[in-house]
Amino acid sequence: MSRIPVNRTYTHIRSTVERHVVWIEFNRPPVNAFTRPMVDETYDAIEAALADPDVRVLVLASAVEGYFSAGADLHTFKGLTAEGVRDWARRCHELARLLRGSAKPLLAAIHGTAVGGGLEMTLHCDVRFAATDARFGQPEIRIGFIPPIATTQALARLIGRPRAIRYLYDGGLIPAQQALDWDLVSELVEPAMLRPRVQAYGEELAAKSPAALAAIRRTVTLGGGMSFEEGMAYELEAVAELGASPDFVEGVDAFLAKRPPRWHRPS
């Protein structure tokens, strides 16, 4: 399979790599309202990053000041048939599967107003960093709709059914501290320090074993949706696979020799 250039030009997505960390930034001023082409570009940018051996960590972010995401551009839905809406949701689910199936760590750097689709994508990330002045919401109830990027399922698993139901029923905005209290985000950062903090954490992950990171992500993200017994069986296979990997051999040797490990990097 030919390599897709990760730094390719998009219309409304900015994709740049810095020390093995790719920043995939929504870039449709003034508010990052998503159109179908923008959803497709987001999918393409993530797919390219996952296929690039130089990329070890992905970050979802925004290049627009004051807005992480305003959700869907509602002009997109004017005149859309039921089948058209189904096609839109199907594409959104493909994007959710791409994110959840990633073998590479996914981070989010959230600032400003974060509502709708862009925010929904971050629910499938591993660690969500947010600026202290960020605001969060799922306002779809106001147009007689629900969030379609596998959001109902992700929210129930992240914050619990009662809180997810109330959050979606209300459709209002909550402050960053409340999002942290609910586990919608993992860490709050002063706005000016958001990018440096996320980049630094991304570089920490980029220095670790790709095989172990992929196994952690797979067993927790995918195994977490199984029964406990099924999850244990899934974990067992991951453990056995890692036991035969070059990284495990190298990790043990490096630890015993008291030297930094040299991890296997896919080419």
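The values are calculated or read from the model by the stated rules, or taken from the named source; none is laboratory data. Owing to the predicted nature of the structure, the values given are computational and were not obtained by experimental measurement. Every residue, glycine among them, receives a Cβ derived from its backbone with ideal geometry; neighbour counts consider all protein chains shown. Calculation scope for accessible area: heavy atoms of the full protein, side chains included, ligands and nucleic acids excluded. Shrake-Rupley method; radii C 1.70, N 1.55, O 1.52, S 1.80 Å.
With contributions of -39500 (n - 2.57) from each DSSP H run of at least four residues, the per-residue ellipticity at 222 nm computed over the chain stands at -13500 deg cm²/dmol. With a 1.4 Å probe and every protein chain left in place, tell me how much accessible area TRP23 has, in Å² to the nearest 10. Solvent-accessible area, nearest 10 Å²: 10 Å². Here's the list of lysines a cross-link from LYS208 could span, going by alpha-carbon distance under 23 Å and ignoring same-chain residues fewer than 8 apart: LYS104, LYS258.
Only four residue types carry charge here, +1 at the Cβ of Lys and Arg and -1 at the Cβ of Asp and Glu. Report the dipole size of the range 89-154 about the Cα centre in Debye, rounded to the nearest 20.
It comes to approximately 160 debye.
Note on the chain: antiparallel DSSP beta bridges, both residues inside, total approximately 30 percent of the bridges counted. Between GLY224, VAL252, TYR169, the Cα set farthest toward the positive side of the dipole of the chain (charges on each charged residue's Cβ, about the Cα centre) is that of TYR169. What the Cβ-Cβ distance of ILE143 and ARG90 gives, at R0 = 22 Å and to the nearest 0.05, is a FRET efficiency of 0.65.
Let me know the charge dipole size of the range 161-267 about its Cα centre in debye, to the nearest 20, where only the beta-carbon of Lys, Arg (+1) and Asp, Glu (-1) is charged.
It comes to approximately 300 debye.
Taking HIS20, HIS75, HIS12 in turn, the Gaussian network model of the chain (Cα-Cα springs below 10 Å) assigns the largest fluctuation to HIS75.
With all protein chains in place and a 1.4 Å probe, the accessible surface of the chain carries 58 percent carbon and sulfur.
Keeping every protein chain present and rolling a 1.4 Å probe, give me the accessible area per residue for the chain in Å².
On the way: 13670 Å² over 267 residues.
The answer is 51 Å² per residue.
For LYS78, the aspartates and glutamates whose Cα comes closer than 20 Å to its Cα, not counting residues fewer than 8 places off in the same chain, are ASP40, ASP87, GLU140. Heavy-atom accessible surface of THR219, to the nearest 10 Å², is about 40 Å², with a 1.4 Å probe and all protein chains retained.
Checking [x] 32, 26, 19; [y] 32, 21, 19; [z] 41, 30, 16 against semi-axes √(5λ) of the Cα gyration tensor in Å calculated from these atoms, the matching label is [y]. In order along the range 81-93, the phi-based Karplus estimate (6.51 cos²θ - 1.76 cosθ + 1.60, θ = phi - 60°) of 3J(HN,Hα) comes to 7, 4, 5, x, 5, 4, 5, 4, 5, 4, 5, 4, 5 Hz; Gly and Pro are listed as x.
About the Cα centre of the chain, what is the dipole size in debye to 20, counting +1 per Lys and Arg Cβ and -1 per Asp and Glu Cβ, all else neutral?
Details: 30 positive and 32 negative charges, 45 e Å.
It comes to approximately 220 debye.
At the residue level, GLU230 shows approximately 110 square angstrom of accessible surface with a 1.4 angstrom probe and all protein chains present.
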